[in-house]
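S.K.: Sharing a structure, written as C-alpha cells. Questions coming.
The values are calculated or read from the model by the stated rules, or taken from the named source; none is laboratory data. What you see is a predicted model, and the numbers here were worked out from it, not measured in a lab. We place every Cβ from the backbone using ideal geometry, glycine too, and count neighbours over all the protein chains shown.
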Amino acid sequence: EDKVVQSPLSLVVHEGDTVTLNCSYEVTNFRSLLWYKQEKKAPTFLFMLTSSGIEKKSGRLSSILDKKELSSILNITATQTGDSAIYLCAVENKAAGNKLTFGGGTRVLVKP
Amino acid sequence: EPEVTQTPSHQVTQMGQEVILRCVPISNHLYFYWYRQILGQKVEFLVSFYNNEISEKSEIFDDQFSVERPDGSNFTLKIRSTKLEDSAMYFCASSVGTGWSSNQPQHFGDGTRLSIL
C-alpha cells in the first residue's frame, strides 16, 4: 500500500523566516512526487518532481527529490503571511491509474 | 488560466438519497479523477477514468459509486444511496496525459462539500 508521511504536522513562523517541510514516501510504482498548497478549497499545484537531485524553483519556493532516501523537501524562503496554508505532498503511482496518495499535510502559519 | 470547475459548491442531501456531483475538466485533458477529503483527514483517491472507462478505483469506491462522462465536457460522480459517512469534500481533478514525454500534474477543482443529514 502506498504511503506518504509529512513532517512537521504544523509550524508557526514570522514573516521573513525560512521553512523546510519534509515528505517521505513508499510507493510500488513511482511516477512522480507532487507538492500542492491548500488554502480554503482546491489543492493548487506547486511542483512535480520525477528525477532525484534536481531542484525545482518558483520564486521563493523550491523543492528537491531524493529517490534513494524516498523523500522530498519543500523550502519557502522569506516567508510572507500569504504563505499561510496547508502544504500537501503526494506520490503518483503509474501502475494504478496515476492515483495520487496524499500525506496528511503540514499546516504553516506565518505571523506578521 | 484554464481550470477545473465543479458544481454545486455545497450539496445537502438526506441519507439514502442519490446525489450527482458535476465536474468540467480542463478542455484538453484526457485523464479524470475523483478524490474526497473527510473533515480533518487526508485527501483520499476514489477513482481514475480514461478513454471512457475506469482505470483504477479504491476500496472506498464500492457499488454505490459510479462515474460517467455523459458528453465531451462533463464528468460526474454519482452516489446511489448516500450514507452519513459519505459527508466530505469531493474534489475532481484532471491531467493531460502520461505519455513518455508529457508528464503533467493533476489539477484540482474547488470541490463540492457534501453534507448528508
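S.K.: Which one is nearest to B:SER9 (Cα to Cα) among residues in segment B:57-88 that are in contact with a Ser or Thr (Cβ under 7 Å, 6 or more places away or on another chain) and not hydrophobic (A, V, I, L, M, F, W, C)?
M.R.: Ranking the qualifying residues of segment B:57-88, first place goes to B:SER87.
S.K.: Enumerate the pairs (first residue in segment A:61-86 and buried (at least 16 other Cβ atoms within 10 Å of the Cβ); second residue anywhere and part of a helix (DSSP H, G or I)) with beta-carbon separation below 7 Å, excluding pairs fewer than 6 apart on the same chain, so at least 6 apart or on different chains.
M.R.: Listed pairs, sorted by first residue: A:ILE76/A:ASP83.
S.K.: Let me ask something additional. Modelled with pLDDT of 95 or more and more than 13 Å from the chain's Cα centre (by Cα), is that true of A:THR101?
M.R.: For A:THR101, the condition - modelled with pLDDT of 95 or more and more than 13 Å from the chain's Cα centre (by Cα) - is not met.
S.K.: Can you report the number of residues in segment B:4-21 which are under 18 Å from B:PHE91 (Cβ atoms) and outside any strand (DSSP E or B)?
M.R.: 3
S.K.: From the residues in segment B:27-48 that are closer than 12 Å to A:GLY104 by Cβ and in a strand (DSSP E or B), which one is nearest to the other protein chains (Cβ to nearest Cβ)?
M.R.: So the residue we want is B:VAL43.
S.K.: What residue, of B:SER66, B:SER115, B:SER87, B:SER95, is at the interface with another protein chain (Cβ under 9 Å from one of its Cβ atoms) and in contact (Cβ under 8 Å) with a residue 12 or more places away in the chain?
M.R.: Answer to the selection: B:SER95.
S.K.: What pairs can you find where one residue is in segment A:35-54 and within 14 Å of A:LEU88 (Cβ to Cβ), the other is β-branched (Val, Ile, Thr) and in a loop (DSSP other than H, G, I, E, B), and their Cβ atoms are less than 9 Å apart, with a gap of 6+ or different chains?
M.R.: Matching pairs, first to second residue: A:ALA42/B:VAL4.
S.K.: Give me the strands (runs of 3 or more DSSP E) completely within segment A:15-112, filtered to those with at least 2 residues that are in contact with a Pro (Cβ under 7 Å, 6 or more places away or on another chain) and within 14 Å of chain B (Cβ to nearest Cβ), ordered by residue number.
M.R.: A:30-38, A:43-49
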